[in-house]
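Only one structure is covered here, and it is reproduced in the block below.
Derivation of every value follows stated rules applied to the coordinates shown; laboratory data play no part. Bear in mind the structure is a predicted one, so any value in this text is a computation, not a measurement. Methodologically, a virtual Cβ is constructed for each residue, glycine included, from the backbone with ideal geometry; neighbour enumeration extends over all protein chains shown.
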């Protein structure tokens, strides 16, 4: 007797997430063929759409595979299926052309060269041997070259390069890892490299080898990368590093270093297994490592005990590092505080006088991307700057945010980002920079227009910082008037708190916490300047339970640049002006500062944690007269303290009970000045300050959280990027039984503000 034929069924399947430009359709094609299914798969504005027919068991297995298996760069957020009527189509399973529709899918971040592509580049027998633009669906440029979605070659800067027959065969073969790899190219049909000097284009057979020779001989070369130009020099050559600092006008901020491989990194830095994994990840970020072993040139990271190190993340960088033979400084191609150059003509003009040569290519950079920066802390990896390799991968929020209106949040003034909140996801832009710089502000606005176009995004709500003078706030108000969107202002430190809660996936109504928010400056709810805050609350609101004692900032913004001003203001607030000489303030115009503070002339009081660090650094002679970059004094103070953190003495801090709990600094200054009088080692003093601050903050947080019945404590704000502070507080509060949350996916500094603003505004 013949067996009955199996019943076939149809399913329409929607896959959402990062599923375009990552080889997801050929992945689906292979799964469907293995399961014996018929139908098709296509890209559209919402992600990937599948029509599949087959036996019920085969369809069930196929759906399970879609949920649990994915290509290396893909991220599956949801797989939705519904019954599909109709007959089983003839011809098996196929890959269809991209469809259109409302844009809901994401753009995948640029990804470091995969091992398969690198092997081809290094293989003398391969047709892509030595080719600097080799890539596949598992690696290569994405955000940096895209103009709109769906992500197809025609919508990228690769549209001007017509594929040769060999590349076209790879591109059209679903079994090939280059199937629909939009930047696919080879030496016969793709982008080309050349070398220029100030005299013009140089006719050299191997531009990479010539650039490497110039670097080895002490020169500075501008290198066009994946998201912008970098400036490169020999990291072992002190004269070259000093020349780069002088020409770039970057006098104190550490330079990033690129090394050929992990073996080279380990020559001059300690690398744990977890740090090695970060270095070798598809994001290929700069990873902060503890310096050890061979010394790099002194000017690479002055005043620091750590180094920002990255591995090559494009074939161009792999080939260059092999040709140079040693580590190189690889810093953004700009003058200090300007945005990174991206265009060839722009780089020729802006980097003239800095670089002696330009390693150019003809693939346009559509979107500027700085390098991401990560540090491995005791609680886990901390993102210090989120850019290349990480942005704009969307962050999945708690389920209730799926019903929220479309929100555009415009971030702050420094380390600016913006955030698009839609359908339960937050798309946070890459780090853009400080909006006080005119060119950066123009770049911010251009990038915002591009994201709105890419994501077809019209906001219903626009969220801005409460500070009325922030350019992002002013631009947001103008944009709200133009679009008719509702404008929501968000207090700065509330946004820091909410950003950390949101990235940890906490739902509204379940997110209540005590926020310990430490930063430089933020416009307070009462119109004063805040910066050392204890906030109880969640997305909907907060109560200020405590703060640092407000201390004057004589000179206003100048106090943020000149630590000695904060040292004196703190001594004056503690009633210790008679000990100014011990703090190195002899010969300063202290009477002028006294009058400014007494009369309230350009000396606003601030509860700033950042200015406290400046004050202590100034007392120890660190950057006393001026900082060349934000947080320089605090970073040097942290590095000075690190070797002494086994010290048993912690400076005392007063916990004053007024209307709110207030941390007072008079006992700390008494002990610190006594140590200075005794000529105590500066490192020991720096450690005692850190230990005293950790102890006082932990005690205060536990007191306030306990009184509110809260068992969750959030650590956020730019000052929380101090590793000694973050790890000390996490340890102390965790051992006391609290759930301690710190940032993992967006920065604790103002780079994370836009996420916090977005979730607050979405629920308001």
Computed on Cα atoms only, the convex hull of the chain has an orientation-averaged projected area in nm² of 36.9 nm²
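Can you tell me the equivalent ellipsoid semi-axes for region 511-656? Use √(5λ) from the Cα gyration tensor, largest first, whole Å.
Here the semi-axes work out to 26, 20, 14 Å.
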Over the chain, the sum of -39500 (n - 2.57) across DSSP H runs of at least four, divided by residue number and rounded to 500 deg cm²/dmol, gives at 222 nm -9500 deg cm²/dmol
In whole µm²/s, the translational diffusion coefficient that Stokes-Einstein assigns to region 546-741, given a Kirkwood hydrodynamic radius over C-alpha pairs, 25 °C and 0.890 mPa s, equals 144 µm²/s
Region 327-400: spread of alpha-carbon positions along the three principal axes, whole Å, largest first, is 50, 29, 22
So the compactness index of region 596-651, its C-alpha Rg divided by 2.2 N^0.38 Å, takes the value 1.36
Once both label points are put 7 Å beyond Cα along the C-beta direction, the residue 126-residue 57 separation in nm becomes 4.2 nm
Long-range alpha-carbon pairs in region 45-84, meaning those over 11 Å apart, account in percent for 70 percent
Scaled by the rule-of-thumb 2.2 N^0.38 Å, the alpha carbon Rg for region 612-713 gives a ratio of 1.18
Counting only backbone N atoms under 20 Å from a point 7 Å out along Cα-to-Cβ of residue 739, the residues of region 365-393 in range are 379-381
Mean Cβ-within-10 Å packing, highest first, puts peptides 70-83, 311-324 in the order 311-324, 70-83
With 0.36 nm assigned to each residue of separation and the Cα-Cα distance removed, residue 78 to residue 481 gains 141.5 nm
Pseudo-spin-label distance residue 654 to residue 378, built 7 Å along Cα→Cβ, given in nm, is 3.0 nm
Taking Cα pairs closer than 8 Å and at least 6 residues apart, the relative contact order of region 127-251 in percent is 18 percent
Taking r as the C-beta separation of residue 160 and residue 446 and R0 as 22 Å, the FRET efficiency to the nearest 0.05 is 0.60
Highest mean packing first, using Cβ neighbours within 10 angstrom, the peptides 418-427, 665-674 sort as 418-427, 665-674
If the label point sits 7 Å along Cα→Cβ of residue 711, residues of region 719-734 with amide N under 20 Å come out as 730-734
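For an R0 of 45 angstrom, estimate the FRET efficiency from the Cβ-Cβ distance between residue 9 and residue 188 and round to the nearest 0.05. Don't skip to the end; give the middle numbers.
Values: r = 47 Å, r/R0 = 1.04.
Calculated value: 0.45.
Using 0.36 nm per residue of separation minus the Cα-Cα distance, give me the extension gain between residue 458 and residue 362 in nm, one decimal.
My answer for the length gained is 31.2 nm.
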For the chain, longest principal axis from Cα atoms; helix 682-708 axis from its Cα atoms; angle between them, nearest 10 degrees, is 80 degrees
Rounded to the nearest 5, the percent of DSSP beta bridges in the chain running antiparallel is 70 percent
Note: residue 629 to residue 205 extended length (0.36 nm per residue) minus current alpha-carbon separation gives 148.5 nm
One quarter of the C-alpha convex hull surface, i.e. the mean projected area of region 8-95 in nm², amounts to 5.0 nm²
Per-residue Cβ contact counts at 10 Å, fewest first, order 366, 257 as 366, 257
Relative to the chain, whose Cα atoms define the longest principal axis, helix 238-248 and its Cα axis are tilted in degrees, nearest 10, by 90 degrees
extent check for region 394-490: Cα max minus min per principal axis, descending, whole Å, gives 38, 24, 22
Burial-style ranking of 219-232, 573-586, 169-182, average other-beta-carbon count within 10 Å with highest first, yields 219-232, 169-182, 573-586
Normalised Cα Rg of region 100-232, dividing by 2.2 N^0.38 Å with N its residue count, works out at 1.17
For region 193-373, inverting the pair-averaged 1/r of distinct alpha-carbon atoms gives a Kirkwood value in Å of 16.2 Å
To the nearest 10 degrees, the tilt of helix 56-68 (Cα long axis) against the first principal axis of the alpha carbons of the chain is 30 degrees
Contact order relative to length for region 193-373, counting C-alpha pairs under 8 Å separated by 6 or more residues, stands in percent at 36 percent
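Exposure proxy check: 451, 444 ranked by fewest other beta carbons within 10 Å?
Listing 451, 444 from fewest to most nearby Cβ atoms yields 451, 444.
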